[in-house]
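Q: The structure is given below, and queries will be raised subsequently.
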């Protein structure tokens, strides 16, 4: 159970800065209906017909698609450019994509390697499944990719050379030159550079991705931010008892602001620690494209950087950040759709299987 909780916390913080870490603005958006997947543009027009068993996001001009339990890739015209042949595939990142070449999807006996955009395996499929890591950490970031061997994580370069030996139980991909890692489930967290040297010592209960020069950390159960030397730059001024889980208290800095729980409500602070949006929300996410989703009384809407609600609160089950001018939403009935920045449905909610 402890390992499960650690993984969930890890995934939450990694996903929280997915858009910022990847830095790509989509022009086509995946949709599913009646058990088939395809792509729309930001007006809601179907550009690539819904004919695949499943689809992922576009990244670097390619999107992964599933046909008959095998994954390959299409380009933005919908043409198959890498034939479906892999048990699983992640998005392209820095020209390479991690793929599982044998076994069933996420079977621990399967081997993982990397392909180029022609579909050629350029890094031998000899690595274990990379567990406890969110999608955006599966690819190359800043020239290095995390791999796993015998339950330990390390880093390789694009030639497949091991540049940081597998030794970490959990960790994040590199952002802004550093990666925060831990050598064991019950060990402290610190941050390494691309040589594998400890730049920030292992003294934190938890640590996450650097964003806008700051990384959220937990120290003796208290949440705050450090700079790239490990120095505390934003010590908590407010009540923020997290029981060791800062993902429920603070976020990452995006667009100059970070969410912060004060008492039992969320607001936002700037990099001086000043409250710029008063804590009045039950839950919030980080800013993207000038907006952030917030929750009040089980209803979700979007605010601007002044804290004004610009998209009215509705009974969504889930909302994601805006990217490419659209936000993905799921209704309480499990229907999936997209809204624009006025709150108008561009793709009306529908059950993916209906």
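The values are calculated or read from the model by the stated rules, or taken from the named source; none is laboratory data. What you are looking at is a predicted structure, and each value in this text was computed from that prediction instead of being measured. When we count neighbours, we look across all protein chains shown, and the Cβ atoms used for this are built from the backbone with ideal geometry, even at glycine.
Q: Looking at region 192-236 only, could you name the residues that are within 19 Å of residue 164 (Cβ to Cβ), under 19 Å from the mean Cα position of the chain (by Cα) and without any contact (Cβ under 8 Å) to a residue 40 or more places away in the chain?
A: Within region 192-236, 207, 210, 215 qualify.
Q: If the requirement is being surrounded by fewer than 16 Cβ atoms within 10 Å (Cβ to Cβ) and more than 30 Å from residue 35 (Cβ to Cβ), which of these qualifies: 298, 282?
A: The unique qualifying residue is 282.
Q: Where the second residue is outside any loop (DSSP other than H, G, I, E, B) and surrounded by 18 or more Cβ atoms within 10 Å (Cβ to Cβ) and the first is touching a residue at least 60 places away in the same chain (Cβ under 8 Å) and at positive phi and lies in region 109-132, which pairs have Cβ atoms under 6 Å and are six or more apart or on separate chains?
A: Taking only residues 6 or more apart or on different chains, the pairs are 132/10; 132/170.
Q: Moving to a separate point now. What number goes with the only condition from (1) farther than 28 Å from residue 95 by Cα; (2) under 21 Å from the mean Cα position of the chain (by Cα); (3) part of a loop (DSSP other than H, G, I, E, B) that residue 187 does not pass?
A: Exception for residue 187: condition (2).
Q: While we're on this one: Take residue 66 and tell me if it is touching a strand residue (DSSP E or B) at 6+ places or on another chain (Cβ under 8 Å), under 27 Å from residue 108 (Cα atoms) and surrounded by fewer than 15 Cβ atoms within 10 Å (Cβ to Cβ).
A: no
Q: Now a separate question. Across region 329-350, what is the total count of residues that are closer than 15 Å to residue 32 by Cβ and free of Cβ contacts under 8 Å to residues at least 60 places away in the same chain?
A: Result for region 329-350: 8.
Q: Something else: Within region 135-162, which residues are closer than 18 Å to residue 190 by Cβ and free of Cβ contacts under 8 Å to residues at least 40 places away in the same chain?
A: 146, 152, 153, 154, listed by residue number.
Q: Also, quick follow-up: Looking at region 306-331, which of its residues are part of a loop (DSSP other than H, G, I, E, B), in contact with a strand residue (DSSP E or B) (Cβ under 7 Å, 6 or more places away or on another chain) and exposed (fewer than 14 other Cβ atoms within 10 Å of the Cβ)?
A: 315 - this is the single residue of region 306-331 that is part of a loop (DSSP other than H, G, I, E, B), in contact with a strand residue (DSSP E or B) (Cβ under 7 Å, 6 or more places away or on another chain) and exposed (fewer than 14 other Cβ atoms within 10 Å of the Cβ).
Q: Let me ask something additional. Looking at region 98-121 only, could you name the residues that are loosely packed, with under 15 Cβ neighbours inside 10 Å and assigned to a strand (DSSP E or B)?
A: Of everything in region 98-121, just one residue is loosely packed, with under 15 Cβ neighbours inside 10 Å and assigned to a strand (DSSP E or B), namely 121.
Q: From (1) assigned to a loop (DSSP other than H, G, I, E, B); (2) surrounded by 15 or more Cβ atoms within 10 Å (Cβ to Cβ); (3) modelled with pLDDT of 95 or more, pick out the condition that doesn't hold for residue 133.
A: (3)
Q: State all residues of region 144-164 that are surrounded by fewer than 17 Cβ atoms within 10 Å (Cβ to Cβ) and either part of a strand (DSSP E or B) or touching a strand residue (DSSP E or B) at 6+ places or on another chain (Cβ under 9 Å) (or both); if no residue qualifies, say none.
A: 149, 150, 151, 152, 157, 158, 159, 160, 162, 163, listed by residue number.
Q: Could you count how many residues in region 286-295 are surrounded by 21 or more Cβ atoms within 10 Å (Cβ to Cβ) and assigned to a loop (DSSP other than H, G, I, E, B)?
A: Residues that pass the stated criteria total 2.
Q: I've got another one for you. For region 260-279, what are the residues that are buried (at least 18 other Cβ atoms within 10 Å of the Cβ) and at pLDDT 90 or above?
A: 266, 267, 268, 269, 277, 279
Q: Got a number for residues in region 23-39 being within 22 Å of the chain's Cα centre (by Cα), in a loop (DSSP other than H, G, I, E, B) and either over 26 Å from residue 174 (Cα atoms) or in contact (Cβ under 8 Å) with a residue 12 or more places away in the chain (or both)?
A: Adding up the residues that qualify gives 5.
Q: Can you pull out the residues in region 43-60 that are surrounded by 15 or more Cβ atoms within 10 Å (Cβ to Cβ) and under 19 Å from residue 326 (Cβ atoms)?
A: Scanning region 43-60 gives 44, 47, 48, 50, 55, 56, 57, 58, 59.
Q: Being in contact with a strand residue (DSSP E or B) (Cβ under 9 Å, 6 or more places away or on another chain) and closer than 12 Å to residue 249 by Cβ is the filter; apply it to region 218-237 and report the residue that is surrounded by the fewest Cβ atoms within 10 Å (Cβ to Cβ).
A: It comes out as 236.
Q: Still on this structure, please answer the following. When the residues of region 173-208 are filtered to those that are at pLDDT 95 or above and touching a helix residue (DSSP H, G or I) at 6+ places or on another chain (Cβ under 8 Å), which remaining residue is nearest to residue 137 (Cα to Cα)?
A: Ranking the candidates gives 173 first.
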